[in-house]
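Engineer: For reference, the structure I am asking about is given below.
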Amino acid sequence: MPPLNRLFVAAVLSALACSSGSEPLYIGAAGPWNEAFGRMNQQGIALALEEINARGGIAGRPLRLIERDDAGDGSRAAAIASEFVANRSVLGVVGHITSGAMMAAARIYDQGLPAVATTASSPDLSGISQWTFRVIASDSANGLTMARFATARGFRRAAVLFENNSYGRGLAEAFRRGYAGEVVGFDPIPSDGKASVEPHISWLRTRAPDLVFVAGTDVSGRAVLREARRQGVAVAFMGGDGWTPVAADTALAEGAFVGAPFSARDPGDAAQRFVRAYVTRYREEPDGNAALAYDATMVLARAIEHGGASRARIREWLASLAGNQPHAGVTGPISFHPSGDVIGRGVVMTRIRNGSLTIETGAGS
Amino acid sequence: MNAAPLVRFRSIRQRLFTGFWLLVGLFVVAGLMARASMLTMSTLIGDTLAAVQQDAQLAARLSAGVSQELSAADRYLQARDSASQAEFRTFAAESHRVQREMNLNPGLAPDEVALIASIDDALSTIETRYATAHRLADLGRAEEAGRQAERARDMVATLKQDIEALGVLKTRRVTDASRALRIDVERRAMWVLVAIGVSVVLGLLVVFTTVNWISQPMRRLVAHARALSGGNFGVRTEGDLPGEFRELAEAMNGTADSLARVVAVANTTADDVASSARDLANVTVQISASATQMASSMTEVSSGAESQVRQLKSVDEALGSIRTNADEILAGSADVTTLAGSIGDSARLRRAEIERALGILGSVRTTVQDAAHEVVALTHTAEDINRFVSIVSRIAEQTDLLALNAAIEAARAGNAGRGFAVVADEVRKLAEQAQAAAEDVVQLTQLVTTRVTSTTLAMEAGVANVGEIENVSRNIDVALDAITTAAEQTRLAAGNVAVRAERNAAIVASAAQGVQSIARTAEGHAAAAQQISAATQEQSAACEQMSSASTQLLQGSEQLRELVGALKAVA
């Protein structure tokens, strides 16, 4: 076949492939993929995407992901959000993942691109934009749940360490408000895990708390735990949903309390089906990050399927879930308050036992 | 303008009102636009000013909060008093709150968002480093604390840069907003100007078209009125006119119509009168002439009637002789009838006899034909006899031969055969006799056959003769029939002659009566004609008077037609 003919055939084939039936639909996703919780989010999104496309996509069109790494940084998140808004083929965004990134990005999505945040739980995000939603409960609720649990478990002196960002500040503040015992310390700690937390742990030893509540991700969490083990501080540790990846680090994290948005031990059918699929795919147990990312992707895909391939109609559909049948997510039923917060959700109190989050029954949960 | 009007106006009033309200509407629109623009502008300006003010306040609060926070942090490092610690926390929270508020401002550009996020990041790092420095200081590790604080202060420059950059961004935004406002104001002012301009143009257009619309039909109506006053009723004003003018034009058209009708009627009437007068004059002349003629004719009639009476009397006499002749014809025709009847009767008798003769001839012919058939049959029988005789003859010959043979045999037998020789001789004699008898029969039969043949010929001649007789008889019958018919027709003709002759006699008698009465009437006419002659002379005089009257009428109608003709009526 002469090259010109081959070129023509290729053009025809590509034209056919681009016809409406098989033209892909695009969604964006942004997060700190290099962090452990970022990777879990990424895998949850990927699994959801694989399942959707294995079922034949949305109305016969495959769903494609445009991934960007915001490294949890507000400035970078704002730039990525601008890129997504400008790209008219992007129908919606899964993410962002961290509260700080979402705080900045939400202002950009406000120009008219629906975004479903996965684990951005800062109270400051409530009602930040008509166009942003999140599948995780606000920390103002989560911090309160965990504070009550700590109170109920008889912890009288709690020291609070928090990453100095939207998430850490919000969760720490919520915990402090809900905690009935004495707060013996309330200090910001570095979030990057490189700067030393030694002075804080050393100082805490002088204050003798019976509980250290750490509001942050597993990055700072590991630094704190490592330093505490190093100094032999025998104190109970508690973290929020950001801490769920810490569970994998059995040597450090054994016995720590985690207020998790999801537990792989959740006996519900949907949760167990998800856990099985996830384990089959990635050879590890999913945590809250993965489950919430999976749910965020699924609810956005359903919004595209039922609302239509239009940003405004997708937003309408997501907002209308509150008045209709909620989306059955693996983390529970999902519908959104006008503020964009997920309705009727909270955290489940778990404790790290042999690398897994086991559900803590008892007061406060 | 007038070629294809968008709206058709029925009257001047309507058009003026429409134009007026349109102008009023446009001015109201222009006014509303101007007002709406001013309102929007003032709202916009107010909003922009408020936003600028808020931005400025927030920036001021942020700057102040950050510097207070940092000074509190430094103070704590030296004094380690709880007041400074609390102040550090309070101002940190305040700074973050301000930063959040800034982030929530509507209409943030991506670079602003990024800058605010960057400020938050820098501030958070500074806080964290100070917090670490404070804990080191608490632990009595002053040197480390100092280093940590120094690291924190390193970031302050970045933070201040960011805050300044945000200020620059805000200033640029204010500049952009004011430029946008100015452009918007200019645009709106232009629109208002355009609206006013359009109103003015439209107003002029309305005035111009309305004036044009009124003056043109007005000129046409004036021309129409002039034509009417000049006596020209054929002029009409038609077409699309404003309502008021249309009514006027219709009234003028109606007037012209009425006048034209009056003129037309007068004209026709004058014509009619003129022609009637002419006719009358002619008639009078004719009557006058005919009266003269009549008078002379009457004289002739009178003398003619007298000669008529004389002639009529001679006609009466001639009629008398005609009646006598008719009587004689009547008698003659009766004789003819009788004669024709007797001819018919004798002819019928002859026919009956001929028919009887014909019947007899027919039976004769049949008999002769039958006899002829019998003779033919006889001939056939004679042939049969001949064949039979020849057979007998042959038998006799054979028998003779047989007897000869028997005699020879008997001679050979000698004495024993002597008796037999006698018998054989007897047989031979018999055979000879039979032979002779047969020859006789043949001769007889031939004679009979000859006779029969001649008889047959005679009979055929007889049949032919009988046929001829029959033909002759038939011809006679046909002749007799013609005679009978002729006799009958003669009798009928004679009868008709008698009837006609009687009728003629009656007609002649009535004619004679008529001639006598005509003669009496003619006498009367002669007297009447003399009276008419006298009356006609009187009529002649009257006709002359009428003639002069109709001449006067004719002159009057001519004058009328001239008068009306000047009015140029449309026929």
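The values are calculated or read from the model by the stated rules, or taken from the named source; none is laboratory data. Not measured: the values here are computed from a predicted model. Note that each Cβ is placed from the backbone with ideal geometry, even for glycine, and that neighbours are counted across all protein chains shown.
Engineer: Taking the conditions exactly as written (surrounded by 15 or more Cβ atoms within 10 Å (Cβ to Cβ) and in a helix (DSSP H, G or I)), does B:Val427 satisfy them or not?
Structural biologist: In short, yes.
Engineer: What number of residues in region B:485-539 are surrounded by 17 or more Cβ atoms within 10 Å (Cβ to Cβ) and within 30 Å of B:Ser342 (Cβ to Cβ)?
Structural biologist: 9
Engineer: Here's a check for you: in region A:102-121, which residue that is surrounded by 24 or more Cβ atoms within 10 Å (Cβ to Cβ), small (Gly, Ala, Ser) and touching a Lys or Arg at 6+ places or on another chain (Cβ under 8 Å) is modelled with the highest pLDDT?
Structural biologist: A:Ala117
Engineer: Do we find that B:Glu538 is in contact (Cβ under 8 Å) with a residue 60 or more places away in the chain and either more than 28 Å from B:Glu328 (Cβ to Cβ) or in contact with a helix residue (DSSP H, G or I) (Cβ under 6 Å, 6 or more places away or on another chain) (or both) in this structure?
Structural biologist: Numbers: in contact (Cβ under 8 Å) with a residue 60 or more places away in the chain: no; either more than 28 Å from B:Glu328 (Cβ to Cβ) or in contact with a helix residue (DSSP H, G or I) (Cβ under 6 Å, 6 or more places away or on another chain) (or both): yes.
Judged against the criteria, B:Glu538 is not a match.
Engineer: With respect to A:Ala158, determine if the residue is touching a strand residue (DSSP E or B) at 6+ places or on another chain (Cβ under 9 Å), of a type in the set (A, V, I, L, M) and within 19 Å of B:Gln99 (Cβ to Cβ).
Structural biologist: When the stated conditions are applied, A:Ala158 does not pass them.
Engineer: On to the next question. From B:Asp120, B:Asp111, which residue is touching a residue at least 12 places away in the same chain (Cβ under 8 Å), part of a helix (DSSP H, G or I), out of contact with any helix residue (DSSP H, G or I) (no Cβ under 6 Å at 6 or more places or on another chain) and within 14 Å of chain A (Cβ to nearest Cβ)? I'd like the intermediate steps shown before the answer.
Structural biologist: Values: B:Asp120 fails: out of contact with any helix residue (DSSP H, G or I) (no Cβ under 6 Å at 6 or more places or on another chain).
Selected residue: B:Asp111, the only one of B:Asp120, B:Asp111 that is touching a residue at least 12 places away in the same chain (Cβ under 8 Å), part of a helix (DSSP H, G or I), out of contact with any helix residue (DSSP H, G or I) (no Cβ under 6 Å at 6 or more places or on another chain) and within 14 Å of chain A (Cβ to nearest Cβ).
Engineer: How many residues are in contact with a Pro (Cβ under 7 Å, 6 or more places away or on another chain) and within 12 Å of chain B (Cβ to nearest Cβ) if we restrict to region A:92-143?
Structural biologist: Matching residues across region A:92-143 total 2.
Engineer: Within region B:239-258, is even one residue under 51 Å from the mean Cα position of the chain (by Cα), closer than 30 Å to B:Arg561 by Cα, modelled with pLDDT of 75 or more and basic (Lys, Arg)?
Structural biologist: no
Engineer: Continuing with this model, one more query. If I ask for residues that are surrounded by 15 or more Cβ atoms within 10 Å (Cβ to Cβ) and in contact with a helix residue (DSSP H, G or I) (Cβ under 7 Å, 6 or more places away or on another chain), which ones from region B:300-321 would you list?
Structural biologist: The answer is B:Val301, B:Ser302, B:Ala305, B:Gln308, B:Val309, B:Leu312, B:Val315, B:Asp316, B:Leu319.
Engineer: Also, quick follow-up: Could you look through region A:172-187, keep only residues that are touching a Leu at 6+ places or on another chain (Cβ under 8 Å) and at the interface with another protein chain (Cβ under 9 Å from one of its Cβ atoms), and pick out the one that is surrounded by the fewest Cβ atoms within 10 Å (Cβ to Cβ)?
Structural biologist: It comes out as A:Gly185.
Engineer: Give region B:95-108 a look and list any residue that's aliphatic (A, V, I, L, M) and facing chain A (nearest Cβ under 9 Å), or say none.
Structural biologist: Of the residues in region B:95-108, the ones aliphatic (A, V, I, L, M) are B:98, B:102, B:104, B:108.
Within region B:95-108, B:Leu104, B:Leu108 qualify.
Engineer: Please determine, by comparing only the residues of region A:188-227 that are in contact with a Lys or Arg (Cβ under 6 Å, 6 or more places away or on another chain) and without any contact (Cβ under 8 Å) to a residue 40 or more places away in the chain, which one is surrounded by the most Cβ atoms within 10 Å (Cβ to Cβ).
Structural biologist: Filtering first and then ranking leaves A:His200.
Engineer: I'd like the full set of residues that are part of a helix (DSSP H, G or I) and not polar (S, T, N, Q), limited to region B:94-108.
Structural biologist: Within region B:94-108, B:Glu94, B:His96, B:Arg97, B:Val98, B:Arg100, B:Glu101, B:Met102, B:Leu104 meet the criteria.
Rundown of residues vs (1) away from chain A (no Cβ under 14 Å); (2) in a helix (DSSP H, G or I); (3) surrounded by 16 or more Cβ atoms within 10 Å (Cβ to Cβ), yes/no style:
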residue: B:Trp21; (1), (2), (3): yes, yes, no
residue: B:Thr43; (1), (2), (3): yes, yes, no
residue: B:Ser63; (1), (2), (3): yes, yes, yes
residue: B:Ala92; (1), (2), (3): no, yes, yes
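Engineer: Turning to a different aspect of this structure: Here are B:Ala407, B:Ala403, B:Ala411, B:Ala352: which of them is surrounded by fewer than 13 Cβ atoms within 10 Å (Cβ to Cβ) and at pLDDT 80 or above?
Structural biologist: B:Ala352 is the lone residue from the list that is surrounded by fewer than 13 Cβ atoms within 10 Å (Cβ to Cβ) and at pLDDT 80 or above.
Engineer: Additional query: Conditions first: (1) closer than 24 Å to A:Trp33 by Cβ; (2) part of a helix (DSSP H, G or I). A:Met146 passes all but one, so which condition is the exception?
Structural biologist: The number of the failed condition is (1).
Engineer: Continuing with the same structure: So, of the residues in region A:147-158 that are surrounded by 24 or more Cβ atoms within 10 Å (Cβ to Cβ) and touching a Leu at 6+ places or on another chain (Cβ under 8 Å), which turns out to be farthest from A:Val224 (Cα to Cα)?
Structural biologist: A:Ala150
Engineer: Quick check on this structure: which one of B:Val441, B:Val422 is over 60 Å from the mean Cα position of the chain (by Cα), surrounded by 14 or more Cβ atoms within 10 Å (Cβ to Cβ) and of a type in the set (Val, Ile, Thr)?
Structural biologist: Result of the check over B:Val441, B:Val422: B:Val441.
Engineer: Oh, and also: Return a yes/no flag: does region A:85-96 have any residue that is surrounded by fewer than 24 Cβ atoms within 10 Å (Cβ to Cβ), in contact with a strand residue (DSSP E or B) (Cβ under 8 Å, 6 or more places away or on another chain) and closer than 19 Å to A:Ala46 by Cβ. Give the derivation first.
Structural biologist: The first filter runs over region A:85-96 and keeps only residues surrounded by fewer than 24 Cβ atoms within 10 Å (Cβ to Cβ), leaving A:85-90.
Now drop any that are not in contact with a strand residue (DSSP E or B) (Cβ under 8 Å, 6 or more places away or on another chain), which leaves A:87, A:89-90.
Checking the rest, the ones that are also closer than 19 Å to A:Ala46 by Cβ come to A:90.
Yes, that holds for at least one residue.
Engineer: Looking at region A:230-242, I want the residues that are surrounded by fewer than 24 Cβ atoms within 10 Å (Cβ to Cβ) and aromatic (Phe, Trp, Tyr) and have a partner that is modelled with pLDDT of 90 or more and not in a helix (DSSP H, G or I) with Cβ atoms under 6 Å, at least 6 apart or on another chain. Which pairs are those?
Structural biologist: Short answer, once both residue conditions are applied: A:Phe237/A:Val212; A:Phe237/A:Ala256.
Engineer: With the condition being under 14 Å from the mean Cα position of the chain (by Cα), I'd like the helices (runs of 4 or more DSSP H) fully within region A:29-117 carrying at least 3 qualifying residues.
Structural biologist: Here the list reads A:36-54, A:99-109.
Engineer: While we're looking at this one, here's another question. Just checking: which of the helices (runs of 4 or more DSSP H) contained wholly in region A:250-365 hold 3 or more residues that are surrounded by fewer than 22 Cβ atoms within 10 Å (Cβ to Cβ) and charged (D, E, K, R)? Step through it out loud before you land on a result.
Structural biologist: Working: elements: A:250-253, A:269-282, A:288-307, A:311-320.
Once the helices (runs of 4 or more DSSP H) in region A:250-365 are filtered for at least 3 residues that are surrounded by fewer than 22 Cβ atoms within 10 Å (Cβ to Cβ) and charged (D, E, K, R), what remains is A:269-282, A:311-320.
Engineer: Checking A:Gly308 against (1) closer than 20 Å to A:Gly112 by Cα; (2) touching a Pro at 6+ places or on another chain (Cβ under 9 Å), which test does it fail?
Structural biologist: (2)
Engineer: Also: Taking the condition assigned to a helix (DSSP H, G or I), within 12 Å of chain A (Cβ to nearest Cβ) and hydrophobic (A, V, I, L, M, F, W, C), does B:Ala133 pass?
Structural biologist: yes
Engineer: Continuing with this model, one more query. Check whether at least one residue in region A:208-221 is within 30 Å of A:Ala54 (Cβ to Cβ), of a type in the set (Ser, Thr, Tyr) and at pLDDT below 90, and report yes or no.
Structural biologist: No.
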